[in-house]
6 protein chains.
Amino acid sequence: MFSVTVRDSMMIAHSFTGEVFGPAQRLHGATYVVDASFRRAELDGDGVVVDIGAAAGVLHEVLGELTYRNLDEDPGLAGTNTTTEALARVIADRLALRIRDGALGPGGDDLEGLAVTLHESHVAWASYERPL
Amino acid sequence: MFSVTVRDSMMIAHSFTGEVFGPAQRLHGATYVVDASFRRAELDGDGVVVDIGAAAGVLHEVLGELTYRNLDEDPGLAGTNTTTEALARVIADRLALRIRDGALGPGGDDLEGLAVTLHESHVAWASYERPL
Amino acid sequence: MFSVTVRDSMMIAHSFTGEVFGPAQRLHGATYVVDASFRRAELDGDGVVVDIGAAAGVLHEVLGELTYRNLDEDPGLAGTNTTTEALARVIADRLALRIRDGALGPGGDDLEGLAVTLHESHVAWASYERPL
Amino acid sequence: MFSVTVRDSMMIAHSFTGEVFGPAQRLHGATYVVDASFRRAELDGDGVVVDIGAAAGVLHEVLGELTYRNLDEDPGLAGTNTTTEALARVIADRLALRIRDGALGPGGDDLEGLAVTLHESHVAWASYERPL
Amino acid sequence: MFSVTVRDSMMIAHSFTGEVFGPAQRLHGATYVVDASFRRAELDGDGVVVDIGAAAGVLHEVLGELTYRNLDEDPGLAGTNTTTEALARVIADRLALRIRDGALGPGGDDLEGLAVTLHESHVAWASYERPL
Amino acid sequence: MFSVTVRDSMMIAHSFTGEVFGPAQRLHGATYVVDASFRRAELDGDGVVVDIGAAAGVLHEVLGELTYRNLDEDPGLAGTNTTTEALARVIADRLALRIRDGALGPGGDDLEGLAVTLHESHVAWASYERPL
């Protein structure tokens, strides 16, 4: 099994609902350093899992919808706590939709899975992985 | 599948038994930077895998039993070489016991697996993963 | 010249005033991974620049005044853009005040300088250094 | 499941064939920071997955066949694009051959799998994993 | 004193002249992860050392002249060994020229110094610093 | 001013004397990831600060005198607390002696300074710098 991973980041504000979150119930923020991994069993005719430039581009587009925003006011995220793990899924699912719509070209059809990791600090990160 | 990972560290002395270890048969030591990953298929009602503060706390407690000690004199580790991979298992098993005892609250019951990675230097690390 | 550095982090929301900031004029946020370095020409009688536990403690206290907050609403920061470089100075100056007030014990008087670096992402960071 | 990972690096020149590669069709180069992971279900009698010194040694030998070279002129790689993901497989397969030939001693027979990750920059890496 | 640093990378082929270089006399290559630091004594009216987007942009332009190339064939580098330390100076000097030509706007005139670090692997890097 | 840095590591046991050290008064240990920087104003005729292979070699030799040992029993370190900052100086001074003795060849005479950083964990490190 092969994978290719690209890294980018986003900077957002948000707050959490629920006593378990303690001081994080207040409006605060985070830089998420985001790693998106694309998996497939065999390489294509060019010898790649995916065009790495296209992969970086689609990740940058997905993060562009979230970065420099207060996620508490994002209608697409209403009603959910935008925890690190929940955002990992949001980003993975949006990447999957774009791949299905051809953002990675025809080779995107041969991808078998995605994993997205969000680093919230030097001591904590969360991941979500899913099939394609 | 979701995971959340927290990082902490410990500083221990130890020595190894067996010619394969060469100079590491002498009393020496290590800083282990320890990553503990908690895995589960779906997020809980708060949108988390586990309360990240509680996860960091339980890891810190487990490492507190080992850090600033000579592991050669730890009765709980007698008769085993405390290699990086063996310590990864010791820590994972101790985390699992605490989770079963409720250290992560009722949500701990929904965790499906644990992985523990110990970084012994900038060029070597070892992991152990197990179900819960 | 000797230095000792400790690392911690904080997660804040803020926005910037000024067209140069583009989309960062919107409310957003950041994780700052913060490195505080303490400098002195000679070691003390114990062989240290500073008690590293005390140094980590005073940094954690200073970050505790800022983390999990919207800095736009912090009266102590009113009227300034809380850029990465400006926050590096705020943190260095607050560390210096606490050191003068004895937070690091009498040995704190022998420190000659401080440097604070804030990492805002994997590709950008800022520092401020000052004498003590 | 246990794993042990060792890190090394190599510095090579190469070029790619195919319009998808854009400017990387020109002769250029890369430092690959290479992580090789060795996996097995149980530890051996010494408490290790593999002798970590032997593991580092066999990785260094495999990289020694590639480093400080122009891969476009390497007969063993003729006809393939030496992309990051393709090189991860080349290195994993060469490690597997050496393990089968006894490079890790009799304990090498108990290894169940290998994973090789090549970091081509601070924002991109690729992996290949295979059974043994 | 304040500084702001931005990180980018380039991938080049080259060879060295001189017996001291051993196998690096052969055509090989490197990824250089490049950190450019901009220094100034006081922040400007916006509270910044430099517009960080502009700083990242000018670094990307300078690296764009070098990346995906065989430096042995670059007329601008003829007659010099393009070692890591020599390239750090080339990049710093090119940044300085662009800053003098206004690439960072009028605020660029207040910068006092530049430092450029090139990481050639996980175990080696080189820096060059100069006044502006 | 130019600098070249090489990284290596060592794994030692030790204990500290003095109440300020708390639990670190017990026998424990550390991995020190060690960065040694060599500084000089101008490059030599080959375009380097120092032969990077020779620099890595001399650092490895100096660390070889300390690694896999209990520093409490090292006569060369008797009577001193082997704190991170004290060890940074020990290593820098030993590098300086070897450079004076020709370990880096005649080019070693043109080096102007040394800096040594020891990373004791992911959240703490110490440095010592000196002229040559």
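The values are calculated or read from the model by the stated rules, or taken from the named source; none is laboratory data. Everything numeric here is computed off the predicted structure, so don't read it as measured data. Note that each Cβ is placed from the backbone with ideal geometry, even for glycine, and that neighbours are counted across all protein chains shown. The accessibility values were calculated without ligands, DNA or RNA, using every heavy atom of the protein model including side chains. Shrake-Rupley method; radii C 1.70, N 1.55, O 1.52, S 1.80 Å.
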Which numbered condition residue D:85 fails, given (1) surrounded by fewer than 21 Cβ atoms within 10 Å (Cβ to Cβ); (2) within 10 Å of chain A (Cβ to nearest Cβ); (3) acidic (Asp, Glu):
(1)
Failed criterion for residue D:112 (all others in (1) closer than 18 Å to residue A:45 by Cβ; (2) away from every other protein chain (no Cβ under 11 Å) hold):
(1)
Out of curiosity, is residue A:53 in a loop (DSSP other than H, G, I, E, B) and free of Cβ contacts under 8 Å to residues at least 12 places away in the same chain?
no
The correct count of residues that are within 14 Å of chain F (Cβ to nearest Cβ) and either open to solvent by less than 10 Å² (accessible area, probe 1.4 Å) or in contact with a helix residue (DSSP H, G or I) (Cβ under 6 Å, 6 or more places away or on another chain) (or both) in region B:1-14 is 7
Search result, residues across region E:64-82 that are open to solvent by 60 Å² or more (accessible area, probe 1.4 Å) and within 14 Å of chain F (Cβ to nearest Cβ):
E:72, E:78, E:79, E:80
Exactly one condition in (1) out of contact with any strand residue (DSSP E or B) (no Cβ under 9 Å at 6 or more places or on another chain); (2) without any contact (Cβ under 8 Å) to a residue 24 or more places away in the chain is not met by residue B:61; state its number.
(2)
Could you please find all residues in region C:36-47 being open to solvent by 10 Å² or more (accessible area, probe 1.4 Å) and either among the charged types (D, E, K, R) or under 14 Å from residue C:104 (Cα atoms) (or both)?
C:37, C:39, C:40, C:42, C:44, C:46
If residue D:61 meets every condition in (1) surrounded by fewer than 22 Cβ atoms within 10 Å (Cβ to Cβ); (2) away from chain B (no Cβ under 14 Å); (3) at pLDDT 95 or above; (4) not in a helix (DSSP H, G or I) apart from one, which number is that one?
(4)
Any residue at all in region F:105-118 that is over 27 Å from residue E:25 (Cα atoms) and assigned to a loop (DSSP other than H, G, I, E, B)?
yes
So is residue C:126 within 14 Å of chain F (Cβ to nearest Cβ), in contact with a helix residue (DSSP H, G or I) (Cβ under 6 Å, 6 or more places away or on another chain), open to solvent by less than 40 Å² (accessible area, probe 1.4 Å) and closer than 30 Å to residue A:27 by Cβ or not?
no
Test result for residue C:112, more than 30 Å from residue A:70 (Cβ to Cβ), touching a Gly at 6+ places or on another chain (Cβ under 7 Å) and acidic (Asp, Glu)
no
Return yes or no: is residue A:56 more than 9 Å from chain C (Cβ to nearest Cβ), under 20 Å from residue C:124 (Cα atoms) and not β-branched (Val, Ile, Thr)?
yes
With respect to residue B:49, is the statement that it is in contact with a helix residue (DSSP H, G or I) (Cβ under 8 Å, 6 or more places away or on another chain), closer than 16 Å to residue B:89 by Cα and either more than 9 Å from chain F (Cβ to nearest Cβ) or of a type outside the set (Val, Ile, Thr) (or both) true?
no
Name the single residue, out of those in region A:67-103 being touching a residue at least 12 places away in the same chain (Cβ under 8 Å), in a loop (DSSP other than H, G, I, E, B) and within 20 Å of residue B:2 (Cβ to Cβ), that is farthest from the chain's Cα centre (by Cα).
A:81
Report, by residue number, each residue of region A:120-132 that is assigned to a strand (DSSP E or B) and farther than 20 Å from residue B:113 by Cα.
A:120, A:121
Criterion: over 22 Å from residue E:55 (Cα atoms), out of contact with any Cys (no Cβ under 7 Å at 6 or more places or on another chain) and modelled with pLDDT under 95 - qualifying residue of C:47, C:107:
C:107
Members of region F:30-50 found to be in a loop (DSSP other than H, G, I, E, B) and among the small types (Gly, Ala, Ser), listed by number:
F:41, F:45, F:47
If we keep only residues of region A:104-132 that are free of Cβ contacts under 8 Å to residues at least 12 places away in the same chain and over 30 Å from residue C:120 (Cβ atoms), then the residue nearest to the chain's Cα centre (by Cα) is A:109
Residue match in region F:19-29 (condition: free of Cβ contacts under 8 Å to residues at least 40 places away in the same chain, in contact with a strand residue (DSSP E or B) (Cβ under 7 Å, 6 or more places away or on another chain) and either more than 8 Å from every other protein chain (Cβ to nearest Cβ) or not in a strand (DSSP E or B) (or both))
yes
Residue E:30 - would you say it is under 29 Å from residue C:23 (Cβ atoms), modelled with pLDDT of 95 or more and open to solvent by less than 50 Å² (accessible area, probe 1.4 Å)?
no
